[in-house]
Amino acid sequence: MAEAFRASVRLRRVARQLRQWRDAAGRKGQDIAPQLRWSPAKLSKIENAAQPISPVDVIALALIYGVSDAERDQLFQDAVAAQERQWWEDYNTEALVQVAYDFVEQEAEASRLSTFKTDLIPGLLQTHSYAEALALADLPKVSEEIAKQRAEVRTARQARIGGENPLRFEAVIGEAALRQVVGGPAVMLGQLERLLEVAALDNVLIQVVPFSAGAFPAIGSPFTVLSFDQDHYQDTAYVENLIYGFYLEEQASVERYKLSFAGLQEAALDSDRSIEKITEIAGGLRASMREPRDAHPGSVGSVMAQEQP
């Protein structure tokens, strides 16, 4: 059975621009389609990203709408890029659901990603073991194979932090995320050490909101803002809950999230003090793991020692 067509974020962006061209030209779809020897249904599907959009279609519509060469060429390149197969397409929908496909595509194109997490390490900073532990804790339960695939997706995304033209990544993380022992002490210690390693990169800024910060902007409302270098790409805010994730593209709303993120950075510890906080928590976890199993009954050290794999 043929797989259902799924429009990528890139393709939807091309479709949205084609609609804007037609609106700006003051033309109706029923008048445009005959000029191209298309059915009105085809033009409608193209403008709604309900079918693939050929770069040739972009050229044809640009000529009819009289758009500039520069604008035409830019959208042509976007249509070409939308046809290219990306690494995340190798994963099935159990490993990467549709909304995650959309997010990964936007993340691959972004120049800057600003994220706020209250009780979870951001995906671009997660170790494979930490990500796998999260997947195994999810409900309904998934197989170990699917959990491994989900973890692979998380770690594959991290290529955006390094290499050529790396993503500028800014994260504000609640202290609770650093103290939640996901996957057991050994896994969590490895995760904290990973944070310290990545924090040394020039394009990465990690800040911690300590418990002592009190009330602060966006408390209890994690979110991500994706920013782009391309002038014709609008910044977007991404918010998710247990089941759904959705994008906010209306610029007044996006600016509200940007303002909140700036406030979060002011409320959080600066980079150096954040590293000190992570180092402190990692040191405490490391010490608890060294305590003998017959430590005082009921003590934190005793419980954590018993949890060692």
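Coordinate-derived values only; no laboratory data. The shown structure was predicted, so the numbers you read here are calculated from the model rather than taken from an experiment. Cβ atoms come from the backbone with ideal geometry, glycine included; neighbour counts cover every protein chain shown.
Estimate the FRET efficiency between E197 and V239 by the formula 1/(1 + (r/R0)^6), using the beta-carbon distance for r and 35 Å for R0, to the nearest 0.05.
The value I calculate is 0.75.
Please check: in the Gaussian network model of the chain (C-alpha springs, under 10 Å), which one of S111, S129, S143 has the largest mean-square fluctuation.
S143
Which label marks the calculated value of Cα extents along the principal axes in Å, given the options (i) 83, 47, 33; (ii) 69, 51, 36; (iii) 96, 81, 37?
Correct label, based on the coordinates given: (i).
Normalised by the residues of the stretch 129-194, what does the relative contact order come to in percent, with Cα pairs under 8 Å and at least six apart?
Dividing the mean separation by the residue count of the stretch 129-194 yields 38 percent.
For an R0 of 22 angstrom, estimate the FRET efficiency from the Cβ-Cβ distance between R27 and A81 and round to the nearest 0.05.
0.25
Which of A213, A70, W21 sits farthest toward the positive end of the charge dipole of the chain, with +1 on the Cβ of Lys and Arg and -1 on the Cβ of Asp and Glu?
My answer, from the dipole projection, is W21.
Give me the angle, in degrees from 0 to 90, between the Cα long axis of helix 128-137 and the longest principal axis of the Cα atoms of the chain, rounded to the nearest 10.
90
Assign one of three labels to the stretch 19-85, namely rounded, prolate or oblate, based on the Cα gyration tensor with a ≥ b ≥ c the square roots of its eigenvalues; rounded applies when a/c is under 1.5, prolate when it is not and a/b is larger than b/c, and oblate otherwise.
oblate
In the neighborhood of E132, defined by Cβ-to-Cβ distances under 13 Å, what is the net charge if each Lys or Arg adds +1 and each Asp or Glu adds -1?
Every neighbour counted, the sum reads -1.
Got a sec? Charge dipole of the chain, +1 on Cβ for Lys and Arg, -1 for Asp and Glu; which of S271, A137, L43 is way out at the positive end?
My answer, from the dipole projection, is L43.
For the stretch 178-260, what does the alpha-carbon gyration tensor say about shape, rounded, prolate or oblate, given a ≥ b ≥ c as the root eigenvalues, a/c under 1.5 as rounded, and a/b over b/c as prolate?
prolate
Under 15 Å from the Cβ of K258, count the other residues' Cβ atoms, weight Lys and Arg +1, Asp and Glu -1, and hand me the total.
-3
If you put +1 on each Lys and Arg Cβ and -1 on each Asp and Glu Cβ, how big is the dipole of the chain around its Cα centre, in Debye rounded to 20?
Dipole magnitude for the chain comes out near 680 debye.
Would you calculate a helix-derived [θ] at 222 nm for the chain, using -39,500 (n - 2.57) for each DSSP H run of n ≥ 4 and dividing by the full residue count, to the nearest 500?
Here the helix-only value at 222 nm equals -16000 deg cm²/dmol.
For S39 and S68, calculate 0.36 nm times their separation in residues minus their Cα-Cα distance, and state this gained length in nm to one decimal.
Answer, rounded to one decimal: 7.9 nm.
Just for the chain, what percent of DSSP beta bridges are antiparallel, to the closest 5?
Around 50 percent antiparallel, to the nearest 5.
With charges only on Cβ, +1 for K and R and -1 for D and E, what is the dipole size of the stretch 9-83 about its Cα centre, in debye, rounded to 20?
Dipole of the stretch 9-83, to the nearest 20 debye: 320 debye.
Rounded, prolate or oblate: pick one for the stretch 123-199, where a ≥ b ≥ c are the square roots of the eigenvalues of its C-alpha gyration tensor, a/c under 1.5 means rounded, and failing that, prolate if a/b is larger than b/c, else oblate.
Oblate shape, in that a/c is at least 1.5 and b/c is the bigger or equal ratio.
Rank the residues T118, T127 as a footprinting-exposure proxy: fewest other Cβ atoms within 10 Å of their Cβ go first.
T118, T127
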